[in-house]
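Enquirer: Handing you this structure, nothing more for now.
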């Protein structure tokens, strides 16, 4: 029961990826990134790390009226920035939701991750902000401050889910504030995330609701008349988009607010929490007077009314889709002299770099390089000569002392792929680099500096990193290198204003090709005719443009429009390759160049009228929107490791003087009545009243829990306490208990026999070593545990038990269609010992070992799996060990040593997107297996059990409640005795149900 409660509350964790943005700290003058002449002391200036981050030195905290901000000393700049807007955002969000928490909101800030994220956690209630902003700009380009948008999103979760309403809210006054998070268990995921995405869009500039990339993912099913069912918004599946709950939730909440006003959010939430078992539909009807189904249909109709009919490219016969049957991500390919190369990650691919060839006007994949997941979908690029590619992948340092369970220290490093032989060489180590590009002998990438990104150059031979350019208060994105390596393109964003710049690698001069403005700029590529191709949402929808640089006055031309949008373009062998989005996901299309007609347009500066009616207006030579050069003197200088740059003027800087040391101690969470049940010899059930309690620390590093019960008849108290410490590498803990229990055999007596048992234990589990290499993951994990058991009355002997286990695992990254994975291998060894502390009894030793190997067969992601396990005991014989699947008690022999072997044939049955009550069915697979066992009495006496155990399983991939993955497996195993023949249904058939979270 205690495990069930803990597991159920663990389901309340909401991990919330939030969109991209850049802090609005723009300076008037541009300058190349430069090192200050002398570092300033941390006490005088808030600082942001550049290059390798410093050693872990604990945490500080500072307080505003409504927040408690917890951070490492070197992240003071981010903490002060959050402090500058935290109270204002608190008032905005509490006003939207109609509730203001009386306590200060705990906000943990970390800048040691390699991924952009943030999350709210209920145990205890807290917010965690990653300083890292997303390099792929999944929030769009108009968000002015990543940290503010991120905080707004997570604060919505905190206030929404900590309000003391409903039965959990009422009980929380007695059992602890953390119990309020139980309201979320039956709450639809789309409702939780929809409110947060609505707030990040309505309360802040930009946000996902204002992002054209976000809009593509719901406009695609609208245009195709394949919009999701309202119940499909409760869970994620292998069908795009993966963030369906965020998209549909935002659309529904926004539609409700437009129809009924913002108070509808609070009203629906309160009605739902009062009666959650009926779902959110009755609450919506009670508040709005309309059914959930009718409101959803009305929302879809209103969105569809704004969409043009048909699909494909406007004004052209359409193009040929590259890999038309792929469901997932197909990246816009890169054109090289040796062919086109692009990245694909789909239902059938865990991440491949694909070389295409044109045959009879159609694109065909001719080579595939399995490389696995990238740091983001733009973190790969091909050299124009076609000889190499560069890409970035994330790795985690689980042993770093600053790492936490949910926020391990991470890095993103650059790798060089040789197309001639498929070999890969790692260029950098322990950096945070993204979106590399290569041309000539030049390799560039983006380097994370706090929440911003600067352009750097990487020496392919040594891996040394040299800073090139960073706009003050802003970032660069999506760099591209010219074929000769002389020039680098990049998107520059400061304060939500985007421009396109070109860096001369010889002189380090920076030229602005497009002026700064609110229109987003995406996927710039060099053309084959001294031009630059890019996409932009300047007209409201993503369209493809070209800048011609072959005369003294560069001109901008509209190349291509699409019903849904064009996400970048690239010329290749008489074709215009362009990216778009369809119901199946991101796609790439090839259109013959002779079907493309360019139209010259005016590109207006920031604040000017960017409406579509200016598309056909020629650009005047003296028009203020014409590109111009930036006068940026100076040369960049590498920041030495361990040096920091001042963060600049920040609001609430005076708060730094109030910062003090933070001690991460467990704080009260909740307690629950938890009686202990027992039976006597007459099968009478008795009950000892008891309780379970839990305390956890804000950083999630410490947990203290315990149980207490009282045996009324004998006036005896039982108590147990466990302390655990959690780190990214694993956990360690100690426990102690003194329990009043029935003695062995007491239930066979008419008179209850009770005794007191005292135990003390310690355990540790740790990832000893881990590594990621392309599309393979490797790990060595170990665990140790020891426990003392004693009986004060002397009825039973005292004992000391110890357990150790070490295992190695290697697994190939598998696509969703590979239901049971692909190639895998594993080895494990362990030993359990029990040492009686009273004389006259033997030391008991129970060693075990085993291994597995799984290999795919040539069709349909089916796999064959071989397993072998062995166990030995130094005392007596094995009984109840290494049983067949489902653990039926069918042992026919017994000996000190046992060996079990089995072979499995596993076949995926398909990927699905079917909603069921409180969740959905995402996939299924079936297994057939045969097992048997051998026994060893002595080294020369190996005896086969002479029985086979054959059976099958049906496994389902269910996404329930908060889209938590649950894999129930229903199986049957048959006992087959070749000597006897036949199967007795009453004795030789065993049904079982296995449930894996």
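The values are calculated or read from the model by the stated rules, or taken from the named source; none is laboratory data. Computed from a predicted structure; not experimentally measured. Here the Cβ is made from the backbone with ideal geometry for all residues, glycine too, and neighbour counts use every protein chain on show.
Enquirer: Quick check: is even one residue across the stretch 934-943 buried (at least 18 other Cβ atoms within 10 Å of the Cβ), touching a strand residue (DSSP E or B) at 6+ places or on another chain (Cβ under 6 Å), modelled with pLDDT of 95 or more and not assigned by TED's automatic domain parsing to the domain that holds residue 245?
Expert: Scanning the stretch 934-943, I find no residue that is buried (at least 18 other Cβ atoms within 10 Å of the Cβ), touching a strand residue (DSSP E or B) at 6+ places or on another chain (Cβ under 6 Å), modelled with pLDDT of 95 or more and not assigned by TED's automatic domain parsing to the domain that holds residue 245, so the answer is no.
Enquirer: While we're here: Taking the stretch 978-993 only, how many residues are in contact with a strand residue (DSSP E or B) (Cβ under 8 Å, 6 or more places away or on another chain) and within 19 Å of residue 932 (Cβ to Cβ)?
Expert: The number of residues fulfilling the criteria is 7.
Enquirer: Considering only the stretch 392-414, state which residues are closer than 30 Å to residue 487 by Cα and more than 20 Å from the chain's Cα centre (by Cα).
Expert: Once the filter is applied, which keeps residues that are closer than 30 Å to residue 487 by Cα and more than 20 Å from the chain's Cα centre (by Cα), the stretch 392-414 yields only 414.
Enquirer: Same structure, new question: Among the numbered criteria (1) assigned to a loop (DSSP other than H, G, I, E, B); (2) within 28 Å of residue 597 (Cβ to Cβ); (3) at pLDDT 90 or above, which one does residue 335 miss?
Expert: Single failed check for residue 335: (1).
Enquirer: Out of 221, 205, 212, report the one residue that is within 20 Å of residue 138 (Cα to Cα), at pLDDT below 95 and within 24 Å of the chain's Cα centre (by Cα).
Expert: 212
Enquirer: Within the stretch 942-997, take every residue that is in a loop (DSSP other than H, G, I, E, B) and under 35 Å from the mean Cα position of the chain (by Cα) and give me the one that is farthest from residue 245 (Cα to Cα).
Expert: Checking each candidate, the answer is 997.
Enquirer: If you don't mind, another one. Would it be correct to say that residue 445 is touching a residue at least 40 places away in the same chain (Cβ under 8 Å) and outside any strand (DSSP E or B)?
Expert: Judged against the criteria, residue 445 is not a match.
Enquirer: Right, next: Would you say residue 525 is within 34 Å of the chain's Cα centre (by Cα) and either at pLDDT 95 or above or closer than 19 Å to residue 135 by Cα (or both)?
Expert: Spelling it out, residue 525 is indeed within 34 Å of the chain's Cα centre (by Cα) and either at pLDDT 95 or above or closer than 19 Å to residue 135 by Cα (or both).
Enquirer: Tally time: how many residues in the stretch 506-534 are outside any loop (DSSP other than H, G, I, E, B) and in contact with a helix residue (DSSP H, G or I) (Cβ under 9 Å, 6 or more places away or on another chain)?
Expert: The qualifying residues number 1.
Enquirer: Now a separate question. For the stretch 469-505, give me each residue that is part of a loop (DSSP other than H, G, I, E, B) and either modelled with pLDDT of 95 or more or in contact with a strand residue (DSSP E or B) (Cβ under 9 Å, 6 or more places away or on another chain) (or both).
Expert: Scanning the stretch 469-505 gives 470, 471, 472, 473, 482, 483, 484, 485, 486, 495, 505.
Enquirer: Would you check if residue 179 is assigned to a helix (DSSP H, G or I), at pLDDT below 95 and assigned by TED's automatic domain parsing to the domain that holds residue 236?
Expert: So residue 179 passes the test.
Enquirer: Kindly provide the set of residues from the stretch 528-544 that are under 23 Å from residue 436 (Cα atoms) and buried (at least 21 other Cβ atoms within 10 Å of the Cβ), ordered by number.
Expert: Selection gives 532, 533, 534, 535, 536, 544.
Enquirer: Those residues that are in a strand (DSSP E or B) and in contact (Cβ under 8 Å) with a residue 60 or more places away in the chain, I need them from the stretch 548-575; list them, please.
Expert: 555, 556, 560, 562, 569, 570, 571, 572, 575 - these are the residues of the stretch 548-575 that are in a strand (DSSP E or B) and in contact (Cβ under 8 Å) with a residue 60 or more places away in the chain.
Enquirer: A follow-up question, please. For residue 430, are the conditions met, namely being surrounded by fewer than 17 Cβ atoms within 10 Å (Cβ to Cβ), in contact with a strand residue (DSSP E or B) (Cβ under 6 Å, 6 or more places away or on another chain) and over 19 Å from residue 118 (Cα atoms)?
Expert: The answer is yes for residue 430.
Enquirer: In the stretch 542-568, how many residues are over 29 Å from the mean Cα position of the chain (by Cα) and modelled with pLDDT of 90 or more?
Expert: So the count comes out to 10.
Enquirer: With the requirement that a residue be surrounded by fewer than 21 Cβ atoms within 10 Å (Cβ to Cβ) and under 16 Å from residue 155 (Cα atoms), what does the stretch 196-223 give you?
Expert: Correct list: 202, 203.
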